[in-house]
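These notes are about the structure you will find just below.
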Amino acid sequence: MPAIYATLEEIARKLGARPEGGAPKAAHVSIEDLVVCYTTGQGTFSLDKKKKYLSVQGQIFKLSGEPDGNWAGEHEIIIPLGEAWQTPPPPPGPFNRPVPPVPEPPAQAYTKGTWTFGDGSSLTAVGQALVHAAKIQTGESNLWIAADQLISYGTGRYEGAQGLKTAAISILIPEGVSLEEVKEVTVKSLDVFRIARREFIGAIPKQP
């Protein structure tokens, strides 16, 4: 296992990744802070006024494994969880030219969260999400949430910042427990922030 980690670190260095686990410089836009991290935490499913909620609290880690703060989030799932097993049909090509039809998948969840980093700076983001589940051969179920959010608030070095945030969230549900019955879960995610800090933001262009 140490040899694998050493190999991955060598690949990261060749790609230009920063030693502390940041994204390669080539992936940045010039004015951006590009933050890539992962989180682990505990989640609780609850039902309120016939709506299913997933409340999560967890810890943030840099890609190097160094702890970097904590986060809390809420997901309002607006579809029956039984629909999460369905896979959308593959869209027709071509993919490099504006040829219809383009699929229009509706939101399956709404999401909000605040990430407070190790230096005390924070970002709050809101958005929509898609939900999907698959049965694993060992008997467990894997529930995924793909969140697409906009930054709506920041503090510290991110006060007045704008940008977007995406997340790939994975939840392993034990064998014999249905999606509708599950309560307490372990939640893991990979998060990407593209952030324009306040000092790089200009006035909104006037509309003609």
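The values are calculated or read from the model by the stated rules, or taken from the named source; none is laboratory data. Treat the numbers as computed from the prediction; the structure is a model and nothing was measured. Every residue, glycine among them, receives a Cβ derived from its backbone with ideal geometry; neighbour counts consider all protein chains shown.
Picking from residues in segment 179-208 that are at pLDDT 90 or above and among the small types (Gly, Ala, Ser), the one that is surrounded by the most Cβ atoms within 10 Å (Cβ to Cβ) is 189.
Here 107, 129, 168, 134 are screened, and the one residue that is assigned to a loop (DSSP other than H, G, I, E, B), surrounded by 10 or more Cβ atoms within 10 Å (Cβ to Cβ) and touching a residue at least 24 places away in the same chain (Cβ under 8 Å) is 107. Filtering segment 80-95 for residues that are small (Gly, Ala, Ser), touching a residue at least 60 places away in the same chain (Cβ under 8 Å) and touching a Gly at 6+ places or on another chain (Cβ under 7 Å) leaves an empty set. When residues in segment 152-196 are screened for being out of contact with any Lys or Arg (no Cβ under 9 Å at 6 or more places or on another chain), under 28 Å from residue 120 (Cα atoms) and among the basic types (Lys, Arg), 1 of them pass.
If I go through segment 57-71 residue by residue, how many of them are in a strand (DSSP E or B), of a type outside the set (S, T, N, Q) and surrounded by fewer than 15 Cβ atoms within 10 Å (Cβ to Cβ)? Steps first, please.
So in segment 57-71, the residues in a strand (DSSP E or B) come out as 57-62, 67-71.
Narrowing further to those that are of a type outside the set (S, T, N, Q): 58, 60-62, 67-69, 71.
From the residues that got through so far, the ones that are surrounded by fewer than 15 Cβ atoms within 10 Å (Cβ to Cβ) too are 67.
Counting residues in segment 57-71 that are in a strand (DSSP E or B), of a type outside the set (S, T, N, Q) and surrounded by fewer than 15 Cβ atoms within 10 Å (Cβ to Cβ) gives 1.
Look through segment 34-56, keep the residues that are under 16 Å from residue 116 (Cβ atoms) and touching a Phe, Trp or Tyr at 6+ places or on another chain (Cβ under 7 Å), and return whichever of them is surrounded by the most Cβ atoms within 10 Å (Cβ to Cβ). Give the derivation first.
Taking segment 34-56 and keeping what is under 16 Å from residue 116 (Cβ atoms), we get 35, 37-41, 56.
Those left that are additionally touching a Phe, Trp or Tyr at 6+ places or on another chain (Cβ under 7 Å): 35, 37-39.
Numbers: 35: 21, 37: 22, 38: 19, 39: 24.
Per the stated criteria, the residue is 39.
Specify which of the listed residues (58, 82, 65, 73) is under 20 Å from residue 152 (Cα atoms) and small (Gly, Ala, Ser).
Values: 58 fails: under 20 Å from residue 152 (Cα atoms); 82 fails: under 20 Å from residue 152 (Cα atoms); 65 fails: under 20 Å from residue 152 (Cα atoms).
Answer to the check: 73.
Go through the residues of segment 110-121 one by one and say whether even a single one is at pLDDT 95 or above, within 16 Å of residue 76 (Cα to Cα) and assigned to a loop (DSSP other than H, G, I, E, B). The answer is no; no qualifying residue exists.
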